[in-house]
Amino acid sequence: MTMKSGLTLLPDESRSLRQATIGNRVFEALRKAIVQLQLRPGNPLSEADIGRQLGVSRQPVREAFIKLAEIGLVEIRPQRGTFVRLISVREVQNARFLREAIEVAIARKAASQTTLERVRGLRSIVEEQHIAAREGDTVSFLRLDEAFHQALARSVDCEDAWRVLEGLKAQMDRVRYLSLPDATPLEIIIAQHQKIVDGVEGGSSEQAETAMRHHLSEILISLPKLAKERSEFFTD
């Protein structure tokens, strides 16, 4: 099993945790490691090894594997073991299609309900992305990218829609970690975010929608090239 650095659980707020809570934190730790490619496509996964790294029993790890299989990040093969799933080109394309439908609607709603506070919050995240780009910190940049889209959804009371997106975009996120910064310069992504905010600030639903649609189509440019250059990570 290949990792750049050890797995870590998310910080907990209670000294005594129920098993279900531990299971959720194991799931999130593994999801993050897979999405950020600390656990590479095709890698075998061991309940015992991961349990030792995270300081938990095998049961919550087993439960996390099942949940990860449900969102398409791992494959459980009877009598053979559990593996990080290869990235499905078809699933990435389908996830992008569904994400566009949801996030374009969110952008339109945000523009129709624009407020100064909402715009300031979004521009603050974009400024943080400028800093991350200058420092070459792609991990922080992608974290801020997610924060931007989540903040936009939250600002118009669409957090349920965002939760749906989180389940859809795991495959997309793996492609984004593979592609940055080579496939799409970070400054281009920042400019796309700025155009979305400009549309929201100006109260232009059409501009916000067009900017969001263009932004989410970026992955379609990098996907064929990545699938060819890193064919060992892809299927379909």
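Put simply, of V104, V126, V119 the only residue that is closer than 13 Å to M212 by Cβ and modelled with pLDDT of 95 or more is V104. For beta carbons closer than 6 Å, sequence separation of 6+ or different chains, a first residue in the stretch 72-97 that is under 16 Å from K169 (Cβ atoms) and a second that is open to solvent by 30 Å² or more (accessible area, probe 1.4 Å) and in a strand (DSSP E or B), the qualifying pairs are R85/E75; S88/T235. Looking only at the stretch 107-124, residues that are open to solvent by less than 60 Å² (accessible area, probe 1.4 Å) and either in contact with a strand residue (DSSP E or B) (Cβ under 8 Å, 6 or more places away or on another chain) or touching a residue at least 60 places away in the same chain (Cβ under 8 Å) (or both) come to 7 in all.
Among the conditions (1) farther than 24 Å from G42 by Cα; (2) within 12 Å of the chain's Cα centre (by Cα); (3) not charged (D, E, K, R), P185 misses just one, which is (2).
Taken across the stretch 42-54, residues that are part of a helix (DSSP H, G or I) and open to solvent by 70 Å² or more (accessible area, probe 1.4 Å) do occur, with at least one present. When E166, E128 are checked against the criterion of being of a type in the set (D, E) and touching a helix residue (DSSP H, G or I) at 6+ places or on another chain (Cβ under 8 Å), E128 stands alone in meeting it.
Can you tell me which residues in the stretch 125-141 are small (G, A, S), in a helix (DSSP H, G or I) and open to solvent by 10 Å² or more (accessible area, probe 1.4 Å)? Listed by number, the residues that qualify are A133, S140. Out of the residues in the stretch 81-97 that are among the aliphatic types (A, V, I, L, M) and part of a helix (DSSP H, G or I), which is most open to solvent (accessible area, probe 1.4 Å)? Residue satisfying both the conditions and the ranking: V89.
Here Q59 passes the criteria (1) free of Cβ contacts under 8 Å to residues at least 24 places away in the same chain; (2) over 30 Å from T138 (Cβ atoms); (3) not aromatic (F, W, Y) except the one numbered (1).
The values are calculated or read from the model by the stated rules, or taken from the named source; none is laboratory data. Since the model is a prediction, treat every value here as computed from it, not as a measurement. Using ideal geometry, Cβ is built from the backbone for each residue, glycine included, and neighbour counts are taken over all protein chains shown. For the accessible areas, the whole protein counts, side chains as well, though only heavy atoms, and no ligand, DNA or RNA atoms are used. Shrake-Rupley method; radii C 1.70, N 1.55, O 1.52, S 1.80 Å.
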